[in-house]
Amino acid sequence: MRPTLVLLVRHGLTPTTGKILPGQAPGLHLAEDGRRQADVVAARIDRLPKVAAVYASQLERARETAMPIARLRGLAVRVDRDLADGDVGEWTGQKLRRLARKPEWQVVQRHPSGFRFPGGESFTEMQTRVTSALARIVERHPGAVVVAVSHADPIKAAVAHALGIHLDLFQRVMIAPCSVTAIGYHRQGPVVLTVNSVDGDLGWLGGS
């Protein structure tokens, strides 16, 4: 049986990308540049022969990125809340520059598996949530190509899980806005095909 190919797409730029830690707070929409990025990644994915479904987290920035991808295929965007960004609790909405001065920030960067956001979830819980969502999607679409629009940390955690590396190394993975990360889920286990792809033809993934 062919593997299920999951294209993990990070949402496009927002007005606060790189400045604020938004977490799961609602109401954050794509910036104009982010909307352009969403159109570009939709056109790149459209080079694939067939896409069975397009999923996104419930957060506006993810759904708005997923919409042009789904529209080109005549599909509806399916919302899966387990694809959402991490619940950062009391850190929600805080400036990254300010958070970087906290002593806990070094734990977030170097030992994330041992950190829980105050009033939020741990990185291990986030990884379990996201990988469980992807497992359900793979089971629902055997042998198909599926798009899942999510967020930087969840995608990094999914890559770490697929590679079989410890969560404490996941901060070494870079996931840019509207990048594509492709994982083929075989019966024998996952194969990471590309990570953080921001340009170029994706058509070759159709034969993976």
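Rule-based calculations on the coordinates, nothing more; no lab input. Remember, predicted model here, so these are calculated numbers, not experimental data. Because the Cβ atoms are built from the backbone with ideal geometry, glycine has one as well, and the counts that use them run over all protein chains shown.
Straight-line cross-link reach from Lys50 at under 28 Å between alpha-carbon atoms covers these lysines, not counting any fewer than eight positions away in the same chain: Lys156. Residue separation of Leu75 and Thr16 scaled by 0.36 nm, minus their Cα-Cα distance, works out to 18.3 nm of gained length. Checking (i) 8, 32, 36, 18, 5, 1, 0; (ii) 8, 38, 41, 13, 0; (iii) 9, 38, 37, 15, 2, 0 against the coordinates, the calculated P(r) over Cα pairs in 10 Å bins from 0, in percent falls under label (iii). Note on the chain: helix-only mean residue ellipticity at 222 nm, from DSSP H runs of 4+ residues weighted -39500 (n - 2.57) and normalised by residue number, equals -10000 deg cm²/dmol. Each label was represented as a point 7 Å from its Cα along the Cα-to-Cβ direction; for Ala43 and Arg140 these points are 3.0 nm apart. Here the relative contact order of the chain, from alpha carbon pairs under 8 Å that lie six or more residues apart, stands at 33 percent. With a simple spin-label model that places each label point 7 Å from the Cα along the Cα-to-Cβ direction, the separation between Asp201 and Asp168 comes to 4.3 nm. Restricting the trypsin sites (Lys or Arg not before Pro) of segment 131-205 to loop positions (DSSP other than H, G, I, E, B) with no more than 10 neighbouring Cβ atoms within 10 Å leaves Arg187.
Counting only DSSP beta bridges with both residues in the chain, the antiparallel share comes to about 50 percent. In terms of Cα to Cα distance under 18 Å, which aspartates and glutamates are near enough to Lys95, apart from those fewer than 8 places away along the same chain? List returned: Asp85, Asp87, Glu104, Asp153.
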